[in-house]
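Right, I'll just put the structure down here and ask away after.
The values are calculated or read from the model by the stated rules, or taken from the named source; none is laboratory data. Bear in mind that the values here come from a model prediction, so they are computed numbers and not experimental data. Reconstructed Cβ throughout: ideal geometry from the backbone, glycine too, with neighbour counts over all protein chains shown.
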Amino acid sequence: MFEPIPDLSKARILVSNDDGLDAPGIQVLERVARTLSDDVWVVAPETEQSGAGHSLTLHDPIRYQRRGPRHVAVRGTPTDCVLLGVKLFMADHPPDLVLSGINRGGNMGEDITYSGTVAVAMEGTLLGIRSIALSQQFSDPDAVPWDTAEATIGEVVRRACAARWNREVLINVNVPDCPADQVAGIRLARQGKRVGSSRFSENLVERVDPRGRPYVWIGVEQVRGFDGADTDLHAIAQNCVAVTPLCIDLTDEGTMDAMGSVF
(Lines give C-alpha, C1' and ligand atoms only; values in the text may rest on other atoms or scores of the structure.)
Protein backbone atom coordinates (compact mmCIF):
# COMPACT_ATOMS: atom_id res chain seq x y z
CA MET A 1 0.00 0.00 0.00
CA PHE A 2 0.99 3.61 -0.52
CA GLU A 3 1.15 5.11 2.95
CA PRO A 4 -0.49 8.50 3.59
CA ILE A 5 1.45 11.71 3.03
CA PRO A 6 -0.36 14.03 5.45
CA ASP A 7 2.15 16.84 4.89
CA LEU A 8 3.20 17.37 1.27
CA SER A 9 5.49 20.29 2.09
CA LYS A 10 8.47 17.91 2.34
CA ALA A 11 7.49 15.80 -0.67
CA ARG A 12 9.41 15.75 -3.94
CA ILE A 13 6.97 16.13 -6.85
CA LEU A 14 7.44 15.29 -10.53
CA VAL A 15 5.08 17.14 -12.89
CA SER A 16 4.58 15.90 -16.45
CA ASN A 17 1.88 15.78 -19.14
CA ASP A 18 1.14 14.87 -22.76
CA ASP A 19 0.31 18.37 -24.07
CA GLY A 20 3.93 19.53 -24.01
CA LEU A 21 6.17 21.56 -21.73
CA ASP A 22 4.75 24.89 -22.94
CA ALA A 23 1.08 23.94 -22.59
CA PRO A 24 -1.01 26.21 -20.34
CA GLY A 25 -2.28 23.24 -18.31
CA ILE A 26 1.15 22.18 -17.12
CA GLN A 27 1.90 25.77 -16.11
CA VAL A 28 -1.24 25.76 -13.97
CA LEU A 29 -0.29 22.39 -12.48
CA GLU A 30 3.21 23.58 -11.64
CA ARG A 31 1.77 26.58 -9.81
CA VAL A 32 -0.52 24.29 -7.82
CA ALA A 33 2.33 21.85 -7.10
CA ARG A 34 4.42 24.70 -5.74
CA THR A 35 1.67 25.53 -3.23
CA LEU A 36 2.11 21.96 -1.95
CA SER A 37 5.92 21.71 -1.95
CA ASP A 38 9.05 23.68 -2.86
CA ASP A 39 10.68 20.59 -4.40
CA VAL A 40 8.98 20.43 -7.82
CA TRP A 41 10.47 19.11 -11.06
CA VAL A 42 8.88 19.47 -14.50
CA VAL A 43 9.81 16.90 -17.16
CA ALA A 44 7.48 16.92 -20.16
CA PRO A 45 7.37 16.28 -23.92
CA GLU A 46 8.92 18.89 -26.18
CA THR A 47 5.78 18.83 -28.35
CA GLU A 48 2.18 17.69 -27.91
CA GLN A 49 1.74 13.94 -27.55
CA SER A 50 -2.03 13.68 -27.03
CA GLY A 51 -3.38 10.19 -27.69
CA ALA A 52 0.07 8.64 -27.28
CA GLY A 53 -1.20 6.27 -24.61
CA HIS A 54 1.40 4.30 -22.68
CA SER A 55 3.91 4.16 -25.53
CA LEU A 56 7.66 3.99 -25.00
CA THR A 57 10.45 5.01 -27.41
CA LEU A 58 12.63 1.95 -28.08
CA HIS A 59 14.09 2.34 -31.58
CA ASP A 60 15.32 5.95 -31.55
CA PRO A 61 17.53 7.95 -29.20
CA ILE A 62 15.61 10.18 -26.79
CA ARG A 63 16.96 13.72 -26.88
CA TYR A 64 16.26 16.29 -24.19
CA GLN A 65 16.94 19.93 -23.44
CA ARG A 66 17.20 21.56 -20.05
CA ARG A 67 14.99 24.64 -20.02
CA GLY A 68 16.07 25.94 -16.64
CA PRO A 69 16.40 24.68 -13.08
CA ARG A 70 14.38 21.47 -12.71
CA HIS A 71 12.70 21.94 -16.12
CA VAL A 72 13.43 19.47 -18.94
CA ALA A 73 11.86 19.16 -22.40
CA VAL A 74 12.04 15.60 -23.76
CA ARG A 75 11.75 14.70 -27.43
CA GLY A 76 9.69 11.62 -26.64
CA THR A 77 6.45 10.27 -25.26
CA PRO A 78 4.83 11.03 -21.90
CA THR A 79 6.02 7.62 -20.66
CA ASP A 80 9.59 8.46 -21.72
CA CYS A 81 9.37 11.66 -19.67
CA VAL A 82 8.44 9.88 -16.44
CA LEU A 83 11.06 7.19 -16.96
CA LEU A 84 13.82 9.75 -17.56
CA GLY A 85 12.56 11.99 -14.79
CA VAL A 86 12.62 9.25 -12.16
CA LYS A 87 15.63 7.23 -13.31
CA LEU A 88 17.90 9.98 -14.66
CA PHE A 89 17.13 13.57 -13.68
CA MET A 90 15.87 12.75 -10.17
CA ALA A 91 17.88 9.57 -9.62
CA ASP A 92 19.53 10.94 -6.46
CA HIS A 93 16.14 11.26 -4.78
CA PRO A 94 13.13 9.81 -6.66
CA PRO A 95 9.84 11.69 -6.39
CA ASP A 96 7.24 10.93 -3.73
CA LEU A 97 4.42 11.98 -6.05
CA VAL A 98 3.84 12.16 -9.81
CA LEU A 99 1.26 14.68 -11.04
CA SER A 100 0.16 14.53 -14.68
CA GLY A 101 -1.63 17.27 -16.60
CA ILE A 102 -3.53 19.40 -16.42
CA ASN A 103 -4.84 17.96 -19.68
CA ARG A 104 -6.74 20.23 -22.04
CA GLY A 105 -9.90 18.13 -22.20
CA GLY A 106 -11.39 15.34 -20.14
CA ASN A 107 -10.02 11.83 -19.82
CA MET A 108 -13.05 9.76 -18.92
CA GLY A 109 -14.73 6.56 -20.01
CA GLU A 110 -13.03 4.89 -22.97
CA ASP A 111 -10.72 7.90 -23.47
CA ILE A 112 -8.60 6.58 -20.60
CA THR A 113 -7.23 3.83 -22.85
CA TYR A 114 -5.78 6.38 -25.31
CA SER A 115 -4.70 9.02 -22.82
CA GLY A 116 -1.09 10.11 -22.54
CA THR A 117 -2.08 12.00 -19.39
CA VAL A 118 -3.23 8.79 -17.71
CA ALA A 119 -0.14 7.02 -19.10
CA VAL A 120 2.11 9.40 -17.14
CA ALA A 121 0.38 8.35 -13.93
CA MET A 122 0.44 4.71 -15.03
CA GLU A 123 4.21 4.82 -15.54
CA GLY A 124 4.69 6.51 -12.19
CA THR A 125 2.64 3.76 -10.55
CA LEU A 126 4.66 1.05 -12.29
CA LEU A 127 7.81 2.70 -10.91
CA GLY A 128 6.39 2.46 -7.40
CA ILE A 129 5.36 6.12 -6.99
CA ARG A 130 1.89 7.32 -6.08
CA SER A 131 0.53 9.11 -9.14
CA ILE A 132 -2.43 11.30 -10.05
CA ALA A 133 -3.68 12.27 -13.53
CA LEU A 134 -5.59 15.56 -13.83
CA SER A 135 -7.75 16.83 -16.71
CA GLN A 136 -9.91 19.90 -17.33
CA GLN A 137 -13.09 19.44 -19.34
CA PHE A 138 -14.06 22.25 -21.74
CA SER A 139 -16.67 23.06 -24.38
CA ASP A 140 -15.16 26.24 -25.83
CA PRO A 141 -11.58 25.77 -27.09
CA ASP A 142 -10.97 29.51 -26.68
CA ALA A 143 -12.16 29.58 -23.07
CA VAL A 144 -10.80 26.56 -21.23
CA PRO A 145 -11.64 27.17 -17.54
CA TRP A 146 -8.13 26.75 -16.17
CA ASP A 147 -9.11 28.86 -13.14
CA THR A 148 -11.50 26.10 -12.09
CA ALA A 149 -8.76 23.48 -12.14
CA GLU A 150 -6.35 25.78 -10.32
CA ALA A 151 -8.92 26.46 -7.61
CA THR A 152 -9.85 22.81 -7.01
CA ILE A 153 -7.06 20.33 -7.71
CA GLY A 154 -4.80 21.32 -4.82
CA GLU A 155 -7.46 20.17 -2.37
CA VAL A 156 -8.09 16.99 -4.37
CA VAL A 157 -4.38 16.11 -4.34
CA ARG A 158 -4.06 16.82 -0.60
CA ARG A 159 -7.06 14.67 0.26
CA ALA A 160 -5.98 11.82 -2.02
CA CYS A 161 -2.45 11.78 -0.61
CA ALA A 162 -3.80 11.73 2.95
CA ALA A 163 -5.31 8.29 2.24
CA ARG A 164 -3.72 4.86 1.86
CA TRP A 165 -4.20 3.24 -1.51
CA ASN A 166 -3.16 0.08 -3.31
CA ARG A 167 0.25 0.27 -5.01
CA GLU A 168 -1.37 -1.11 -8.19
CA VAL A 169 -3.67 1.92 -8.39
CA LEU A 170 -3.42 5.40 -9.91
CA ILE A 171 -5.94 8.19 -9.40
CA ASN A 172 -7.66 9.82 -12.38
CA VAL A 173 -9.21 13.26 -11.75
CA ASN A 174 -11.47 15.22 -14.08
CA VAL A 175 -12.58 18.82 -13.44
CA PRO A 176 -15.94 20.03 -14.83
CA ASP A 177 -16.44 22.75 -17.43
CA CYS A 178 -17.83 25.50 -15.21
CA PRO A 179 -16.65 28.45 -13.12
CA ALA A 180 -14.95 27.50 -9.87
CA ASP A 181 -17.83 28.80 -7.75
CA GLN A 182 -20.24 26.48 -9.59
CA VAL A 183 -18.36 23.24 -8.85
CA ALA A 184 -20.90 21.07 -7.05
CA GLY A 185 -18.41 18.99 -5.08
CA ILE A 186 -15.89 16.18 -5.37
CA ARG A 187 -17.29 12.75 -6.18
CA LEU A 188 -15.72 9.30 -6.22
CA ALA A 189 -16.77 7.72 -9.50
CA ARG A 190 -16.11 4.57 -11.48
CA GLN A 191 -14.92 4.67 -15.08
CA GLY A 192 -17.95 5.18 -17.31
CA LYS A 193 -18.87 4.07 -20.80
CA ARG A 194 -20.44 6.15 -23.52
CA VAL A 195 -23.56 4.80 -25.21
CA GLY A 196 -25.07 5.74 -28.55
CA SER A 197 -21.80 7.35 -29.61
CA SER A 198 -19.86 7.24 -32.83
CA ARG A 199 -16.35 6.06 -32.00
CA PHE A 200 -13.21 7.51 -33.55
CA SER A 201 -13.05 4.53 -35.91
CA GLU A 202 -16.42 5.53 -37.38
CA ASN A 203 -15.31 9.09 -38.09
CA LEU A 204 -12.45 8.63 -40.53
CA VAL A 205 -12.19 11.44 -43.08
CA GLU A 206 -10.24 10.44 -46.20
CA ARG A 207 -8.77 13.16 -48.41
CA VAL A 208 -6.10 13.69 -51.08
CA ASP A 209 -3.21 16.13 -50.71
CA PRO A 210 -2.04 18.54 -53.50
CA ARG A 211 0.42 15.90 -54.73
CA GLY A 212 -2.34 13.36 -55.22
CA ARG A 213 -1.47 11.21 -52.22
CA PRO A 214 -4.30 9.98 -49.98
CA TYR A 215 -4.39 10.71 -46.27
CA VAL A 216 -6.84 10.27 -43.41
CA TRP A 217 -7.98 12.45 -40.51
CA ILE A 218 -9.35 10.67 -37.44
CA GLY A 219 -12.49 12.67 -36.71
CA VAL A 220 -13.97 13.82 -33.43
CA GLU A 221 -16.02 11.32 -31.46
CA GLN A 222 -19.75 12.10 -31.36
CA VAL A 223 -21.30 11.35 -27.96
CA ARG A 224 -25.02 11.05 -27.30
CA GLY A 225 -25.12 9.57 -23.80
CA PHE A 226 -23.42 7.52 -21.13
CA ASP A 227 -24.22 4.75 -18.67
CA GLY A 228 -24.64 4.94 -14.91
CA ALA A 229 -25.15 7.67 -12.33
CA ASP A 230 -22.01 6.64 -10.45
CA THR A 231 -19.57 7.23 -13.33
CA ASP A 232 -16.96 9.86 -14.13
CA LEU A 233 -19.04 10.97 -17.14
CA HIS A 234 -22.12 11.55 -14.97
CA ALA A 235 -20.16 13.35 -12.25
CA ILE A 236 -18.76 15.82 -14.78
CA ALA A 237 -22.24 16.36 -16.25
CA GLN A 238 -23.35 17.32 -12.73
CA ASN A 239 -20.49 19.86 -12.39
CA CYS A 240 -18.65 17.65 -9.90
CA VAL A 241 -14.94 16.89 -9.85
CA ALA A 242 -14.67 13.16 -10.67
CA VAL A 243 -12.05 11.12 -8.79
CA THR A 244 -11.56 7.61 -10.21
CA PRO A 245 -9.13 4.99 -8.86
CA LEU A 246 -7.76 2.91 -11.75
CA CYS A 247 -5.98 -0.41 -11.34
CA ILE A 248 -3.07 -1.29 -13.62
CA ASP A 249 -3.81 -5.01 -13.14
CA LEU A 250 -6.19 -5.58 -16.07
CA THR A 251 -6.87 -9.24 -15.29
CA ASP A 252 -10.57 -10.13 -15.17
CA GLU A 253 -10.98 -12.66 -12.36
CA GLY A 254 -14.48 -13.71 -13.44
CA THR A 255 -13.29 -14.76 -16.87
CA MET A 256 -10.28 -16.51 -15.33
CA ASP A 257 -12.69 -18.62 -13.30
CA ALA A 258 -15.01 -19.24 -16.25
CA MET A 259 -12.17 -20.38 -18.51
CA GLY A 260 -10.64 -22.66 -15.89
CA SER A 261 -12.46 -25.65 -17.35
CA VAL A 262 -11.10 -25.20 -20.89
CA PHE A 263 -7.52 -24.11 -20.20
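Name the strands (runs of 3 or more DSSP E) wholly inside segment 167-263 in which the number of residues that are closer than 25 Å to Gly53 by Cβ and at pLDDT 95 or above is 3 or more.
The strands (runs of 3 or more DSSP E) meeting that bar are 169-175, 241-247.
I'm checking my understanding of the structure. Among residues of segment 106-132 that are β-branched (Val, Ile, Thr) and assigned to a helix (DSSP H, G or I), which one is surrounded by the fewest Cβ atoms within 10 Å (Cβ to Cβ)?
Selected residue: Thr113.
From (1) within 27 Å of Glu150 (Cβ to Cβ); (2) of a type in the set (Gly, Ala, Ser); (3) out of contact with any His (no Cβ under 9 Å at 6 or more places or on another chain), pick out the condition that doesn't hold for Ser55.
(1)
Are there any pairs with C-beta distances below 8 angstrom linking a residue in segment 93-106 that is within 16 Å of Ala160 (Cα to Cα) to a residue that is assigned to a loop (DSSP other than H, G, I, E, B) and among the charged types (D, E, K, R), with the two at least 6 apart or on different chains, and if so which?
Once the first residue is within 16 Å of Ala160 (Cα to Cα) and sits in segment 93-106, its partners that are assigned to a loop (DSSP other than H, G, I, E, B) and among the charged types (D, E, K, R) give Ser100/Asp18.
Scan segment 56-66 and tell me whether some residue there is assigned to a loop (DSSP other than H, G, I, E, B), farther than 20 Å from Pro95 by Cβ and in contact (Cβ under 8 Å) with a residue 12 or more places away in the chain.
Among the residues of segment 56-66, at least one is assigned to a loop (DSSP other than H, G, I, E, B), farther than 20 Å from Pro95 by Cβ and in contact (Cβ under 8 Å) with a residue 12 or more places away in the chain, which makes the answer yes.
Listed here are the residues, each with its yes/no results for (1) crowded, with 24+ Cβ neighbours inside 10 Å; (2) of a type in the set (A, V, I, L, M, F, W, C).
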residue	(1), (2)
Gly68	no, no
Leu83	no, yes
Ala91	no, yes
Ser135	yes, no
Glu155	no, no
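Any residue that is surrounded by fewer than 24 Cβ atoms within 10 Å (Cβ to Cβ) and not in a strand (DSSP E or B) - is there at least one of those in segment 96-105?
For segment 96-105, residues surrounded by fewer than 24 Cβ atoms within 10 Å (Cβ to Cβ) and not in a strand (DSSP E or B): present.
Now, a different point. Does Cys161 qualify as being assigned by TED's automatic domain parsing to the domain that holds Val15 and either more than 15 Å from Asn239 (Cα to Cα) or modelled with pLDDT under 95 (or both)?
Yes; evaluated as a whole, the condition is true for this residue.
Still on this structure, please answer the following. When you go through Thr47, Thr79 one by one, which is the residue that is surrounded by fewer than 17 Cβ atoms within 10 Å (Cβ to Cβ) and either in a loop (DSSP other than H, G, I, E, B) or touching a residue at least 40 places away in the same chain (Cβ under 8 Å) (or both)?
Among Thr47, Thr79, only Thr47 is surrounded by fewer than 17 Cβ atoms within 10 Å (Cβ to Cβ) and either in a loop (DSSP other than H, G, I, E, B) or touching a residue at least 40 places away in the same chain (Cβ under 8 Å) (or both).
Can you tell me which residue within segment 139-150, out of those that are in contact with a strand residue (DSSP E or B) (Cβ under 9 Å, 6 or more places away or on another chain) and modelled with pLDDT of 95 or more, is farthest from Ala180 (Cα to Cα)?
Val144
Contact list please: Cβ distance under 6 Å, first residue in segment 228-241 and assigned by TED's automatic domain parsing to the domain that holds Asp181 and of a type in the set (A, V, I, L, M), second residue outside any loop (DSSP other than H, G, I, E, B) and modelled with pLDDT of 95 or more, pairs at least six apart or on different chains.
Ala235/Arg187; Ala235/Ala242; Ile236/Asn174; Ile236/Ala242; Val241/Thr152; Val241/Val175; Val241/Ile186
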